[in-house]
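Taking it in order: structure first as structure tokens, then the write-up.
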Amino acid sequence: MSPEELALFPFLTETSEYVEELDFSLDSLMTSIAFESVRRRGFERVMQAFDGEVSKPSFGNDKEVLSELLSYPYARILVSCVNEPAFTRRYALAEATAVHSIMKKRIEKDPEFVLDIGKDFGVSAVQSEEHIRIYFSDYIRYSLSMKDLSWKLINRHLEHGYVTIQREEFARLLQEAVRKRIEGSLPIPEIPDEIRNACDAQVTELKAKYEEQRQNLGDADLGEVDFSMFPPCINKALSNVREGVNLAHSMRFAMVSFLLNVGMQTDDVVNAFNVSPDFSEEKTRYQVEHIANNQYKTPSCATMQTYGNCVGKDNMCAKIRHPLSYYSALKFLAAKRQAEEEKYGKDEEKTANENNNLENNEPG
Ligand code: SF4
């Protein structure tokens, strides 16, 4: 591959070897003024994980190619220093999504090129007219996490150990392979203190942004799902579903994203709809998984109002601006109350013990 192509596929073995041969010291990458553009781009690609996809530049000269190549190891250092498993997953997905976009286009014109990328992941596949035939164990390895029923092996044509798939599907399987490889290789173990110190300002900014988005998305650890703490709008949607009333698309999206954001499993969310006579598991699962896979955020109260989905406002609603804040506020208050009650119980027990001791020690 040319250096330009290697820069677009930085996770490949060939790219690592090429970068190693360039023989730049980590120290200069972290501190030298000559690598400032590399660090800027590395930071940018990690930041872009918050938007779901790392951009892929077009190159004007060798310096830009080099910058792109080296920005990947730098980005990996940043992600390792942030060291939040959920963020690592998001970063890996954003890198893999970007590569998928490239492969999807490339595979139509040049399938052999994409098949070669597959070889780096040990994927055995061949071109067969307009299709790709992939060895079944490789197919299973990378399709396992795809929730759509169409990916199930039972729904595929299997012949002599090979599964026939569309070209675009092969690109999608490779996206999963890339995501797994990147996620599995992070965080980098034992990063020296001097390296951490050199990128401390960027790591602090990333952590702050991650924390802010985590709060907004409500993917903080909210503990077990407690239906009694759902806001009125979501309760109304749930009762409509139970009564067989069709939800507007915007309300359906709000309800599903809310249930996923508070920690419900995909299967449970799908089952929540399994009450209406025209329930289609396949269709519902597709929609729920689409929302789950893209980690969509529940709409804010303002957006809910715009679409007429804000119904049954109560006192807590006056204090929050997001349905997830309603839920997390009630969870927080409940946990606080429980801690106070436990403390009160312990104090009571202590007093009772002290009284008991006093009584036992009283002179007869
Ligand atoms: S104010 Fe927000 S949380 Fe309350 S009902 Fe309206 S949309 Fe739901």
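The values are calculated or read from the model by the stated rules, or taken from the named source; none is laboratory data. Here the structure is a predicted model, which is why all the values come from computation and not from measurement. Quick reminder, even Gly has a Cβ in these numbers, built from the backbone with ideal geometry, and neighbours come from all protein chains shown. Surface accessibility is based on the protein's heavy atoms, side chains included, excluding ligands, DNA and RNA. Shrake-Rupley method; radii C 1.70, N 1.55, O 1.52, S 1.80 Å.
Computed values, structure above
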| read-out | value |
| --- | --- |
| Residue in segment 97-126 that is nearest to GLU183 (Cα to Cα), counting only those that are surrounded by fewer than 20 Cβ atoms within 10 Å (Cβ to Cβ) and among the β-branched types (Val, Ile, Thr) | THR97 |
| Unmet criterion (only one of (1) on the phi > 0 side of the Ramachandran plot; (2) open to solvent by less than 70 Å² (accessible area, probe 1.4 Å)) for TYR139 | (1) |
| Cβ pairs under 9 Å, 6+ apart, first in segment 233-246 and in contact (Cβ under 8 Å) with a residue 60 or more places away in the chain and near the ligand (Cβ under 10 Å from one of its atoms), second open to solvent by 70 Å² or more (accessible area, probe 1.4 Å) and in a helix (DSSP H, G or I) | ASN235/PHE227 |
| Residues of segment 38-67 classified as surrounded by fewer than 23 Cβ atoms within 10 Å (Cβ to Cβ) and in a helix (DSSP H, G or I), total | 14 |
| Flag for GLN305 being surrounded by 12 or more Cβ atoms within 10 Å (Cβ to Cβ) and outside any loop (DSSP other than H, G, I, E, B) | yes |
| ALA254 vs. criteria within 13 Å of the ligand (Cβ to nearest atom), open to solvent by less than 20 Å² (accessible area, probe 1.4 Å), among the small types (Gly, Ala, Ser) and not in a loop (DSSP other than H, G, I, E, B) | yes |
| Enumeration of residues in segment 2-17 that are open to solvent by less than 70 Å² (accessible area, probe 1.4 Å) and touching a residue at least 40 places away in the same chain (Cβ under 8 Å) | PRO3, LEU6, ALA7, LEU8, PHE9, PRO10, PHE11, LEU12, THR13, THR15 |
| Yes/no for LEU259 being within 24 Å of the chain's Cα centre (by Cα), more than 10 Å from the ligand (Cβ to nearest atom) and of a type outside the set (D, E, K, R) | yes |
| Qualifying residue in segment 293-302 (condition: within 16 Å of the ligand (Cβ to nearest atom), free of Cβ contacts under 8 Å to residues at least 60 places away in the same chain, farther than 24 Å from LEU144 by Cα and not hydrophobic (A, V, I, L, M, F, W, C)) | yes |
| Per-region count, segment 157-173, residues part of a helix (DSSP H, G or I) and over 15 Å from VAL99 (Cβ atoms) | 2 |
| In segment 142-156, residue farthest from GLU282 (Cα to Cα) [restricted to those that are assigned to a helix (DSSP H, G or I) and without any contact (Cβ under 8 Å) to a residue 12 or more places away in the chain] | ILE154 |
| Selection within segment 257-270 - surrounded by fewer than 19 Cβ atoms within 10 Å (Cβ to Cβ) and either in contact with an Asp or Glu (Cβ under 9 Å, 6 or more places away or on another chain) or part of a helix (DSSP H, G or I) (or both) | GLY263, THR266, ASP267, ASP268 |
| Subset of segment 271-287 [crowded, with 17+ Cβ neighbours inside 10 Å and under 18 Å from ASN235 (Cα atoms)] | ALA272, PHE273 |
